[in-house]
Amino acid sequence: MKPLKLLVVIVTYNGRRWLDRCLGSVRTWKPDGSALSAVDLFVVDNASTDGSADFVASEFPEAILVRNDRNLGFGKANNIGMRYALEKGYDYVYLMNQDAWINEITLGRLVRYAENDEDYGVLSPLQFRADGERLDRLFEKRFRSTPDEVYDHSVVEVPFIMAAHWLLPRRTLETVGLFDEIFTHNGEDDNYCDRVRYHGLSVGVASAFAVHDREDRPLSKEAAIRLNCLSGSLARLCNINRPLWERVCYVTFFTLVKSLKYGSTLPWKHYSDLIRMLPRIREARSRMKDPDTLS
């Protein structure tokens, strides 16, 4: 079995308080029966003002560090790391949020599952809260299954899983491409999972452990509306598995429901912004069908 190389890509933005645990968890990796022979760190700092980049340079000198002069957002920053992985011949990329961490066998175990079933384009470990006992709330909501089912079957196929922890085989990047840069900070992972399925691959949750520590950061009403009615609806409109006219009808109804739920006209403001974006959305949908345009 040929030795495999993996690049862990972490995008930082004012996340200094998590970085020691986040990056430190990568240092502890063990192959866990896989052919994984090398794990490297690639950190993209989105112009943090809390010393995040300097901390990485000082405490994790083995990490490849890119210092952006402005906040590029989630997708564009991760694309820098994924392009590097493709150029340098890595077999796998692991995307991990700055407020997240893994244990010593997470990476090796995920690689072993990916090597055993090439139908999976994205694999995520089970994502727990910081206490390590309960599933992350949003992960559990979208997962719609139980840890026991994963433990029983090793990998469970799902339609979507958030990109706080993603293992991406090289074949996925070559088949699906990178994140589309019509997205800035939210919706990229929904869209990417849609594209994975469009290109005949699957998304799965595997029997491995990870943490996503975000329980103390509740969303304001305005932020929740933006997440649902702008970022979320943009992802719905960019779903290339469904015709655009159908998606527009769905988003129109969705906006009505959310405006009634929140008692606000703000969903309609975001809806108007999306309608003005329709020419760009059509172009993006065309790009998404051809991975060579997203490399």
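What the table below lists for this structure:
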quantity	calculated
Residue list for the range 21-37, filter: exposed (fewer than 14 other Cβ atoms within 10 Å of the Cβ) and over 24 Å from D99 (Cα atoms)	G33, S37
Pair list, Cβ < 9 Å and 6+ apart or interchain, from the range 68-80 residues that are at positive phi to residues that are of a type in the set (A, V, I, L, M)	G73/V11
Residue in the range 123-131 that is in the same structural domain as R16 (by TED's automatic domain parsing) and surrounded by fewer than 16 Cβ atoms within 10 Å (Cβ to Cβ) present	yes
Residue in the range 253-264 that is closer than 29 Å to Q98 by Cα, hydrophobic (A, V, I, L, M, F, W, C) and within 25 Å of the chain's Cα centre (by Cα) present	no
Selection status of V251, among the β-branched types (V, I, T) and touching a His at 6+ places or on another chain (Cβ under 6 Å)	no
Options S34, S58: the member that is of a type in the set (S, T, Y), over 18 Å from G108 (Cβ atoms) and either touching a residue at least 12 places away in the same chain (Cβ under 8 Å) or assigned to a helix (DSSP H, G or I) (or both)	S58
Helices (runs of 4 or more DSSP H) contained entirely in the range 185-295, each with at least 3 residues that are out of contact with any Lys or Arg (no Cβ under 7 Å at 6 or more places or on another chain), closer than 26 Å to Y113 by Cβ and outside the structural domain of D117 (by TED's automatic domain parsing)	none
Within the range 153-174, considering residues that are in a helix (DSSP H, G or I) and at pLDDT 95 or above, the one surrounded by the fewest Cβ atoms within 10 Å (Cβ to Cβ)	E174
Lone qualifier among E140, E115, E149 - being buried (at least 17 other Cβ atoms within 10 Å of the Cβ), assigned to a helix (DSSP H, G or I) and on the phi < 0 side of the Ramachandran plot	E140
Count of residues meeting criterion [within 16 Å of P3 (Cβ to Cβ) and of a type outside the set (A, V, I, L, M)] in the range 81-111	6
Subset of the range 42-52 [within 23 Å of A163 (Cα to Cα) and surrounded by fewer than 22 Cβ atoms within 10 Å (Cβ to Cβ)]	A47, S48
Subset of the range 118-174 [free of Cβ contacts under 8 Å to residues at least 24 places away in the same chain and in contact with a Pro (Cβ under 8 Å, 6 or more places away or on another chain)]	L135
Hey, S48 free of Cβ contacts under 8 Å to residues at least 24 places away in the same chain and either in the same structural domain as D99 (by TED's automatic domain parsing) or not β-branched (V, I, T) (or both) or not	no
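The values are calculated or read from the model by the stated rules, or taken from the named source; none is laboratory data. Just so we're clear, the structure is a prediction, and the values are computed from it rather than from any experiment. Backbone-built Cβ (ideal geometry, glycine too); neighbour counts: all protein chains shown.
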